[in-house]
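Reading through the structure tokens given below for one structure.
Just so it is clear, none of the values below were taken in a lab; they were calculated from the coordinates. Bear in mind the structure is a predicted one, so any value in this text is a computation, not a measurement. Because the Cβ atoms are built from the backbone with ideal geometry, glycine has one as well, and the counts that use them run over all protein chains shown.
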Amino acid sequence: MTEVNSDPLWSSILQEAEQAARDEPLLASFLHMTVLRHGTLEDVLAFHLSSKLASPVMDARALLELFREAYAADSGIIEAARADITACFERDPACDSYSTPLLYFKGFHAIQSQRITHWLWQQGRKTLAYFLQNRISEVMGADIHPAARIGHGVMLDHGTGVVVGETAVIGNNVSMLHGVTLGGSGKERGDRHPKIGDGVMLGAGASVLGNIRVGECAKVGAGSVVLDDVPAHTTVVGVPAKVVAQLCPGTPALDMDQRV
């Protein structure tokens, strides 16, 4: 058994991978290659994501070194990934282990990959950031602009069909389901995309359009189209979205209650 260390999350992931390898011998080589032969969570992320995003014009080795460079330069990327793993484990009833999002959830993979493109964007390496944005969209089904700012503890459930525009900002501890769009509302340039507050839940297929704010701990119902600011601690639903509940208690992103 691989020796665990003082990092509880990493220790749990190692133990889960070891148990999974014993339970399913057909996956033993996969689990050893992706998890058990590595020494840290960042090593696993760098290897796993670079393998997924590799293409005929950008091989896995080059991407692996790029991911390692980003992690070494900005420790906040890994700290955010840790919070995202915990978010999946605590909020998604289909997630029964910490290793599950790390290995199998493409929504989680899309967020972690975007954190690399965002780092590249901040370094002025926009061409490479755009290249990887395109590749992430092809492989993981989520199209997130490299300039978009994303907090920690974010759960991108499923991830399929998610679109996040250039000037969008997503706060901490946000939950987004499949098909969510954070888009513009016309041809204007500049700051033109939504700002999502902490603790917000965006239901499946919700579209939030324009430079508007969804206040902290608000809930946007599935299929809604939001064109105006949403006050904090309210629930909105409909096309266009209207307030249907005010002064709602709790944190929708954590509760994951889809009812309105």
Item checked: Antiparallel DSSP beta bridges within the chain, percent to nearest 5 -> 15 percent
Check: More than 26 Å apart: what percent of Cα pairs in the range 1-143 qualify?
Finding: 22 percent
Notebook entry, point to check: What residues of the range 5-27 lie in the reach of a label at M33, counting those whose backbone N is under 14 Å from a point 7 Å from the Cα along Cα→Cβ?
Noted result: 26-27
Check: Which residues does a label at D43 reach in the range 92-118, if reach means a backbone N under 20 Å from a point 7 Å past the Cα toward the Cβ?
Finding: 98-100, 102-104
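Rounded to a whole number of µm²/s, how large is the Stokes-Einstein D of the range 148-260 at 10 °C and 1.306 mPa s, given Rh as the Kirkwood radius over C-alpha pairs?
Numbers: Rh = 13.3 Å.
Rounded to a whole number, D works out at 120 µm²/s.
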Next item on the list: Any chance you could list P(r) for the range 59-200, counting all Cα-Cα pairs in 10 angstrom bins from zero, rounded to whole %?
Entry: 12, 44, 36, 8, 0
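Would you calculate a helix-derived [θ] at 222 nm for the chain, using -39,500 (n - 2.57) for each DSSP H run of n ≥ 4 and dividing by the full residue count, to the nearest 500? Mind dumping the intermediate values first?
Values: 9 runs with 105 residues, N = 260.
Helices in the chain give a 222 nm mean residue ellipticity of -12500 deg cm²/dmol.
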Check: K242: which lysines have alpha carbons under 26 Å from its alpha carbon, excluding same-chain residues fewer than 8 sequence positions away?
Finding: K187, K195, K219
Next item on the list: Enumerate the amide H contacts of A245 below 5 Å, restricted to partners 5 or more residues apart or on another chain; note that Pro and chain-start residues carry no placed amide H.
Entry: T235
Next item on the list: For helix 76-91, report the angle its Cα long axis makes with the longest principal axis of the Cα atoms of the chain; keep it between 0 and 90° and round to the nearest 10°.
Entry: 80 degrees
Notebook entry, point to check: In what sequence do M140, M201, M33 fall when counting other Cβ within 10 Å, fewest first?
Noted result: M33, M140, M201
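When the convex hull of the C-alpha atoms of the chain is computed, what volume per residue in Å³ does it have?
Working: hull volume 32.1 nm³, N = 260.
It is 124 Å³ per residue.
Could you tell me the calculated FRET efficiency between V244 and K187, based on Cβ-Cβ distance and R0 = 30 angstrom, to the nearest 0.05? Don't jump to the answer; show the numbers that get you there.
On the way: r = 32 Å, r/R0 = 1.06.
Efficiency computed from Cβ-Cβ geometry: 0.40.
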Notebook entry, point to check: Cα to Cα, under 16 Å, and not fewer than 8 places away if on the same chain: which lysines meet these conditions relative to K52?
Noted result: K106
Next item on the list: Would you mind telling me the antiparallel percentage of the DSSP bridges in the range 148-260, rounded to 5?
Entry: 10 percent
Note to self: Which residues among the range 147-172 fall inside the zone where the amide N is under 14 Å from a point 7 Å beyond the Cα of K126, along Cα→Cβ?
What the structure shows: 147-148, 166-167
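Using Cβ counts within 10 Å as a stand-in for footprinting exposure, how do R37, R192 rank, fewest first?
Values: R37 12, R192 18.
Final ranking by Cβ density, sparse to dense: R37, R192.
Test of understanding: ordering D43, D157 by Cβ neighbours within 10 Å, fewest first, what list do you get? List each step's numbers first, then the result.
Values: D43 16, D157 24.
Ranking D43, D157 by Cβ neighbours within 10 Å, fewest first, gives D43, D157.
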